[in-house]
Every structure is written in structure tokens, then in C-alpha cells.
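The values are calculated or read from the model by the stated rules, or taken from the named source; none is laboratory data. These figures come from a predicted structure and were not determined experimentally. Please note: Cβ atoms are built from the backbone with ideal geometry, for glycine as well, and neighbour counts cover all protein chains shown.
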Amino acid sequence: MSEIRLFPKEATPMHIDESQLQAFVAELISTDGAHDLAHVQRVVANAKRYATTEQADLAVVIPAAWLHDCVSIPKSWPDRSRASSLAANKAAERLLAWGYPRATIDGIHHAIVAHSYSAGIEARTLEAKIVQDADRIDALGAIGISRCLLVGGNINRSLYSAIDPFCETRQPDDGEYCIDHFFSKLFGIAETLHTDAARQDAKERVGFMRQFLARLAAEISV
């Protein structure tokens, strides 16, 4: 795996391998299939791509992307919105022990705290915006559909409402129906993205999701 080269003021130049970050995350990652190591790897890959395009600081973006879910709280728990703050604190503690410079850790901490949709914290830096975009884009497209259904199945949501499957005459209730989550959250994610590359990805992925719903409508109307 590639390395991040950091030059802390208080130490000699050092190399920190991404394999160290991955190994740490692998020990802590959720068993929830929608928030597993593969999810983290996709977030890292997209974060790198967006950061390269935007010329962001990879020494902040890459660790934040790897560690953004190092504390995971189930979606159905009432204190879910605290997950990103707890993850940021755990990440900062470990990065400090590994010798990351404090200034870099501050940026990583903010990027992790701000990535969460449920926390509702504004991303104030370019790096935080990129990590947020990279995490949110993973909720869209084919992978987004798959993750939505995994989460819904884990907490026993029905697939769709037999009366109004696509929320045409009622408010979405994603506590009861998986497909409602498209309308209560997922389709709105594109409007929250910051980078041009993420917005373009979102346009393509949302288009696929609408095709999926059209096919689903055809199949359940038989």
C-alpha cells in the first residue's frame, strides 16, 4: 500500500504506511455488512481521487478516511449521532501514539467528526468536505442500494409499503420500509456534496437508482 510522508516539527521525518491504518480499523470495524472494511476501502479510494483533483492535504484525508468508522454505533440506536465524535477521539488518540503531528491530528479529527450525516456538523475544511463526500457517495448507486437493503434487513424493515411503495401520497417512513429510505435521505445526498467530482458521481449513481425503482415498480405491479 502507498505511504503518507509526514514531517512533524518535533520529530525527524517519518513514514506511516496505510497498512497500519487498515490493520487498526480491521480490529474495530463493525460486523454490519454495510459498514464493513470493504466500505472503508471504498471511502478511502474515493477520498484519494477527490483529494487529488482538489489538491487537498492527503496527510489529513487518507487517515481520516481510513478511521472514519473506527467506532460504529448501530443505525437504530438513539445515540447514533455520537458515533463520529467517538471515532474521531479514538483516531486522535491512536495517531498521537503513532507520532502524527498534533496539527495534522486536529485536521483529521475534524474531518472524522464532520463526515457523519446524522451528526449534522458542518465540514469547515477542504479535507473534511472531501472525506464527507467520499463517505456519502458510498450511499448511492448500486452499492448504495445494496447497503440500504442490508441495513434494512438487519433491523427487520419491510422492503416496501404495499399501499404506496414509492411515497407518492404519504411521507416516507424508513423506520418501516427500506425503499422509503431512498426518499427520506438518499436522493437528497447529492445536494449536500461539495466537490465537482462527487457531484458528477452522484448524478450517475442517482440515475441508476431511479432505474432500479422503475424496474421494481414494473415487477411489483404484475
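Figures for the structure shown
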quantity: Residues located in the range 135-162, provided they are touching a residue at least 12 places away in the same chain (Cβ under 8 Å) and more than 30 Å from Ile62 (Cβ to Cβ); calculated: Gly152, Gly153, Ile155, Arg157, Ser158, Leu159, Tyr160, Ser161
quantity: Filter pass, Arg124 being over 19 Å from Ala214 (Cα atoms), in a loop (DSSP other than H, G, I, E, B) and charged (D, E, K, R); calculated: yes
quantity: Criterion (more than 24 Å from Phe24 (Cα to Cα) and buried (at least 22 other Cβ atoms within 10 Å of the Cβ)) met by exactly one of Ile189, Ile163, Ile112, Ile179; calculated: Ile179
quantity: Selected residue [touching a helix residue (DSSP H, G or I) at 6+ places or on another chain (Cβ under 7 Å) and modelled with pLDDT under 95] from Ile121, Ile130, Ile137; calculated: Ile121
quantity: Residue satisfying all of: in the range 144-192; of a type in the set (Ser, Thr, Tyr) and in a helix (DSSP H, G or I); farthest from the chain's Cα centre (by Cα) among these; calculated: Ser184
quantity: Qualifying residues in the range 140-153 (those that are at pLDDT below 95 and small (Gly, Ala, Ser)) - the one surrounded by the fewest Cβ atoms within 10 Å (Cβ to Cβ); calculated: Gly153
quantity: Test for Ala59: is it among the small types (Gly, Ala, Ser), surrounded by 17 or more Cβ atoms within 10 Å (Cβ to Cβ), touching a strand residue (DSSP E or B) at 6+ places or on another chain (Cβ under 7 Å) and not in a loop (DSSP other than H, G, I, E, B); calculated: yes
quantity: Among (1) within 16 Å of Leu21 (Cβ to Cβ); (2) part of a helix (DSSP H, G or I); (3) of a type in the set (Asp, Glu) - the single one Asp69 does not satisfy; calculated: (2)
